[in-house]
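Undergrad: I'd like to ask you about the structure that follows.
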Amino acid sequence: MSAQKKRNFKIEAFKHRVEVDPKYSEKTWKILEHAIHEIYNQNASGLSFEELYRNAYNMVLHKYGEKLYSGLVTTMTWHLKEMSKSVEAAQGGFFLEELNRKWGDHNKALQMIRDILMYMDRTFVTTTHKVPVHELGLNLWRDNIVHTSKIQTRLISTLLDLIQQERTGEVINRGLMRSITKMLVDLGSSVYQEDFEKPFLDVSARFYSVESQQFIECYDCGDYLKKAERRLNEEMERVSHYLDPKTESKLTQVVEKEMIANHMQRLVHMENSGLVSMLIDDKYEDLARMYNLFRRVPEGLSTIRDVMTSHLRETGKQLVSDPERLKDPVDFVQRLLDEKDKHDKIINTAFNNDKTFQNALNSSFEYFINLNNRSPEFISLYVDDKLRKGLKGVSEEDVEIILDKVMMLFRYLQEKDVFEKYYKQHLAKRLLSGKTVSDDAERSLIVKLKTECGYQFTSKLEGMFTDMKTSQDTMQGFYASQSADIAEGPTLVVQVLTTGSWPTQPITTCNLPTEILGVCEKFKSYYLGTHTGRRLSWQTNMGTADLKATFGKNQKHELNVSTYQMCILMLFNSTERLSCKEIEQATEIPASDLKRCLQSLACVKGKNVLCKDPMSKDIAEDDVFFVNDKFSSKLVKVKIGTVVAQKESEPEKHETRQRVEEDRKPQIEAAIVRIMKSRRVLDHNNIVAEVTKQLQARFLPNPVVIKKRIESLIEREFLERDKADRKLYRYLA
């Protein structure tokens with residue numbers, strides 16, 4: 001096949017030159033101009049939009065786009081000026097209605113014109129960077145209507161007057177307001193902001209400044225906050241109905257500043273109705289309202305928090321230092337718990353369970369609880385009271401709630417080791433006297449203490465329970481090993497206590513009655529025979545006894561007494577009358593304990609198995625005692641307690657404090673050695689800071705004591721001072 005011959009195509013020019021009518025642009029523009037007039041005059045129904053579009057298209061195509069665009073500007077401007085006259089002429093309430101009607105007409109006309117000139121919009125306007133038709137129409141409306149001197153001021157004042165009327169309770173046409181504000185937004189955010197929003201916010205600030213001043217003079221804090229809350233809600237509702245959504249944050253800031261921020265201090269400190277009154281009277285609703293309003297302004301919540309903290313600390317300080325309230329430790333602790341419950345409920349209910357408020361509450365309690373150095377003792381006494389009798393008939397869940405509350409107070413204590421000392425003493429008395437209401441509750445509290453402070457804190461407490469169980473087994477073994485003749489004598493129950501676990505103190509053993517002494521010796525022989533390398537010392541001050549007694553007219557009773565009281569009463573089997581001094585010589589009971597025992601035996605109404613001559617509450621050396629033959633009781637078993645001070649006496653308190661201080665020394669030294677072993681070289685201030693940090697879970701060490709312990713460790717060559725810098729310490733391996 002032969003290849004096809006290649007052809008070259010060529011487009012030739014018109015044979016005849018196409019000539020455009022010189023008056024073409026003018027004629028076409030006249031058609032379009034007439035159409036624009038008809039549109040504005042609302043006579044557009046007779047127009048052919050297809051023909052008009054084609055005319056506009058041809059004008060742009062034939063390079064008459066500039067003529068078309070400038071003609072449009074002139075024609076629209078003329079119509080807008082006519083509209084402006086109509087708006088200006090509107091009187092009173094018809095002004096906004098006329099403006100809104102003309103705005104609607106202009107928008108409809110603009111839509112039609114844009115459709116006709118769509119080709120110009122797409123080509124000529126984009127290439128020449130002119131303003132598109134729709135935007136042009138808005139700009140011309142702004143310049144020829146909204147920004148004219150006669151309309152601009154009148155428009156703003158009319159809008160502001162209507163809002164003022166609504167604020168004073170009148171009903172306004174919200175639909176019309178919405179249309180006008182939307183018009184301003186459509187004209188550009190700067191028009192809305194500059195022409196309306198700025199003056200509106202200024203007027204609002206002045207309005208609320210005056211109103212808040214009037215309110216605060218006339219109403220109490222609770223009512224003022226209700227008014228402020230209502231106003232805030234009204235303004236937010238106003239925005240949702242007819243203002244731009246972006247105005248909301250600016251408007252609420254104005255209301256918050258004028259009604260809340262500017263009066264915060266006066267509101268919280270308002271006499272008889274401020275924050276303190278609300279806290280005292282449990283006004284949850286008012287407190288919640290204050291919290292929700294104040295959280296909206298800077299420093300609002302910190303203002304509430306500071307006043308609450310100050311009130312709490314002052315209240316707590318009075319509570320822990322009032323001599324009347326310190327007389328009853330159980331009531332003292334109960335008041336602390338009630339105060340904590342009260343404020344916990346306020347924070348949960350009114351303050352949205354705000355953690356910062358919870359922290360403020362905790363720090364306040366920690367502050368004032370530790371102002372009273374007897375708080376650890378009182379909390380232990382409260383536990384003692386509850387576990388002896390206070391939890392009888394209480395469900396397990398409620399027991400746990402009470403123990404959790406005690407643990408909460410325990411966490412606030414800086415001297416947890418002091419609490420441990422007292423708790424150990426009280427637990428020992430409960431266990432030895434068999435007066436604990438529930439072993440489960442006892443163990444539950446120890447588990448909680450262990451979780452809080454670690455194994456070391458509770459190891460000795462757990463050892464006490466172990467001893468009680470072991471003692472039961474020991475007694476069973478003792479009686480099983482003895483011959484039948486022991487059954488005729490007194491029944492002995494011994495609790496064998498491990499010296500390190502129990503808070504025992506070296507006390508001179510009193511002279512036990514011969515009948516008891518024999519059984520005691522048999523037990524001692526049995527125990528030492530079954531356990532090698534152990535030593536027993538009798539703690540007669542901690543025991544109890546049951547005595548069978550016969551009074552005048554053959555009145556028989558079983559007396560439950562302490563070991564000391566038993567020793568005293570047994571003396572009267574062989575003697576009718578004894579003086580205090582003679583009893584002391586015969587029993588060798590320490591004088592302070594003897595006086596308390598005699599008081600409980602002779603001076604307590606209904607329990608006075610002895611008579612005293614002369615009869616008085618105080619015990620003197622030459623007072624004479626004899627059996628009360630007239631003693632009678634409805635009960636066969638009569639329990640005679642020992643008159644004891646619930647709280648420690650000053651000497652006892654001083655002694656306990658000394659023991660605590662002694663126990664702290666090795667703990668501080670151990671902490672210093674641990675720190676220095678890891679750090680090798682450290683200056684004095686850093687050692688003090690590290691030791692405090694390590695030990696604060698148990699107690700807050702005194703810097704002076706830390707310094708003394710450092711000196712002691714230097715003497716024993718655990719540490720040495722740096723030769724160049726005396727404040728620097730080195731660890732000696």
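The values are calculated or read from the model by the stated rules, or taken from the named source; none is laboratory data. Note that this is a predicted model, so its numbers are computed, not measured. Backbone-built Cβ (ideal geometry, glycine too); neighbour counts: all protein chains shown. Only protein heavy atoms, including side chains, enter the accessible area calculation; ligands, DNA and RNA are left aside. Shrake-Rupley method; radii C 1.70, N 1.55, O 1.52, S 1.80 Å.
Undergrad: Report, to the nearest whole %, how much of the accessible area of the chain belongs to carbon and sulfur atoms, 1.4 Å probe, protein only.
TA: 50 percent
Undergrad: Could you give the dipole magnitude of the chain about its Cα centre, charging the beta-carbon of Lys and Arg +1 and that of Asp and Glu -1, in debye to the nearest 20?
TA: Around 2340 debye, computed over the chain.
Undergrad: Greater than 21 Å separation of Cα atoms is the criterion. Which listed pairs, Lys665/Lys708; Lys581/Lys617; Lys416/Lys693; Lys317/Lys340; Lys677/Lys708, meet it? Before the final figure, lay out the partial values.
TA: Numbers: Lys665/Lys708 9 Å; Lys581/Lys617 17 Å; Lys416/Lys693 15 Å; Lys317/Lys340 14 Å; Lys677/Lys708 19 Å.
Pairs exceeding 21 Å: none.
Undergrad: By a straight-distance test (C-alpha under 19 Å), which lysines pair with Lys81 as possible cross-link partners, with residues fewer than eight away in the same chain excluded?
TA: Lys102, Lys108, Lys150
Undergrad: Need the C-alpha centroid separation for region 135-168 versus region 338-392, integer Å.
TA: Value for the Cα centre distance between the two parts: 62 Å.
Undergrad: Shifting gears a bit: What number, rounded to the nearest 500 deg cm²/dmol, is the helix-based mean residue ellipticity at 222 nm of the chain, given -39500 (n - 2.57) per DSSP H run of at least four residues and division by all its residues?
TA: On the way: 30 runs with 454 residues, N = 733.
The helix contribution divided over the chain gives -20500 deg cm²/dmol.
Undergrad: Also, I was wondering about something else. Just how large is the dipole of region 243-296 about the Cα centre, in debye to the nearest 20, putting +1 at every Lys and Arg Cβ and -1 at every Asp and Glu Cβ?
TA: 280 debye
Undergrad: Here's another thing I want to ask about it. Highest mean first, what order results for 426-432, 93-99, 46-52 on Cβ atoms within 10 Å? Write out the running numbers ahead of the final one.
TA: Working: 426-432: 19.4, 93-99: 17.1, 46-52: 12.7.
The most tightly packed comes first, giving 426-432, 93-99, 46-52.
Undergrad: For the Cα atoms of the chain, what angle does the longest principal axis make with the long axis of helix 94-116, in degrees from 0 to 90, nearest 10?
TA: Orientation of helix 94-116: about 70 degrees from the principal axis.
Undergrad: Find the accessible area per residue for the chain; the probe is 1.4 Å, ligands and nucleic acids are left out, and the unit is Å². Don't skip to the end; give the middle numbers.
TA: Numbers: 40050 Å² over 733 residues.
Here the residues of the chain average 55 Å² of exposed surface.
Undergrad: With a 1.4 Å probe and every protein chain left in place, tell me how much accessible area Phe523 has, in Å² to the nearest 10.
TA: 0 Å²
Undergrad: Right, next: If you work out log10 I(q)/I(0) by the Debye sum over Cα atoms at q = 0.09, 0.10, 0.11 Å⁻¹ from the coordinates, which of (i) -1.00, -1.12, -1.22; (ii) -0.87, -1.04, -1.22; (iii) -0.86, -1.10, -1.36 do you get?
TA: (i)
Undergrad: Sort the following peptides by mean Cβ neighbour count (other Cβ atoms within 10 Å, averaged over residues), highest first: 287-296, 192-201, 469-478.
TA: 287-296, 192-201, 469-478
Undergrad: For the chain, with the dipole built from +1 on Lys and Arg beta-carbon atoms and -1 on Asp and Glu ones, taken about the Cα centre, which of Asn107, Leu461, Thr126 lies farthest toward the positive end?
TA: Of the listed residues, the answer is Thr126.
Undergrad: Next up: Determine the gain in length on full extension of the stretch Gln164-Val210; use 0.36 nm per residue of separation and subtract their C-alpha separation, reporting nm with one decimal.
TA: Working: separation 46, 0.36 × 46 = 16.56 nm, distance 1.33 nm.
Computed gain between Gln164 and Val210 is 15.2 nm.
Undergrad: Could you order peptides 121-128, 678-685 by the average number of other Cβ atoms within 10 Å of their residues, highest first? Could you put the intermediate results ahead of the total?
TA: On the way: 121-128: 14.6, 678-685: 13.1.
So the peptides 121-128, 678-685, ranked by packing, come out 121-128, 678-685.
Undergrad: Please determine, in degrees from 0 to 90 and to the nearest 10, the orientation of helix 396-412 with respect to the longest principal axis defined by the Cα atoms of the chain, where the helix direction is its Cα long axis.
TA: Rounded to the nearest ten degrees, it is 80.
Undergrad: Next question, about the same structure. So, in Å, what gap is there between the alpha-carbon centers of region 189-253 and region 293-333?
TA: One Cα centre to the other: 35 Å.
Undergrad: Ok, one more. Roughly how tilted is helix 703-715, in degrees to the nearest 10 and between 0 and 90, from the longest Cα axis of the chain?
TA: That works out to roughly 60 degrees.
Undergrad: Next up: What does the extension gain come out to for Asp440 and Leu732, with contour length at 0.36 nm per residue minus their alpha carbon separation?
TA: Values: separation 292, 0.36 × 292 = 105.12 nm, distance 4.83 nm.
Using 0.36 nm per residue and subtracting the Cα-Cα distance, I get 100.3 nm.
Undergrad: Among Leu598, Asn554, Tyr564, whose Cα lies farthest out toward the positive end of the dipole of region 523-639, if unit charges sit on the beta carbon of Lys, Arg (+1) and Asp, Glu (-1)?
TA: Asn554
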